[in-house]
Amino acid sequence: MANLVYKRFSTDQQSTARQDFILAEAGIEDPVVFEETRAPPAASTPSSVRSSASR
């Protein structure tokens with residue numbers, strides 16, 4: 001049975017290293033990884049968050 005793993009990070013300063021460490025500690029070997037490798041564009045931020053941040 002395959003272990004499906006989704007890894008992501010939010011900023012360019014972050015990485016998936018901590019997630020890799022936790023997987024190794026849990027003994028999960030050769031996971032099938034779905035990885036988001038870059039931060040989402042600012043335009044994807046909900047309008048309620050953008051409007052409160054710009055006040």
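The values are calculated or read from the model by the stated rules, or taken from the named source; none is laboratory data. If you're wondering where the values come from, they're calculated on a predicted model, not measured in any experiment. These accessible areas exclude ligands, DNA and RNA; they are computed on the full protein's heavy atoms, side chains included. Shrake-Rupley method; radii C 1.70, N 1.55, O 1.52, S 1.80 Å.
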Would you mind stating whether residue 20 is at pLDDT 80 or above and part of a loop (DSSP other than H, G, I, E, B)? no
Among residues of segment 9-36 being within 14 Å of the chain's Cα centre (by Cα) and of a type in the set (D, E, K, R), the residue most open to solvent (accessible area, probe 1.4 Å) is 18
Among residues of segment 23-55 being of a type in the set (Ser, Thr, Tyr) and in a loop (DSSP other than H, G, I, E, B), the residue modelled with the lowest pLDDT is 54
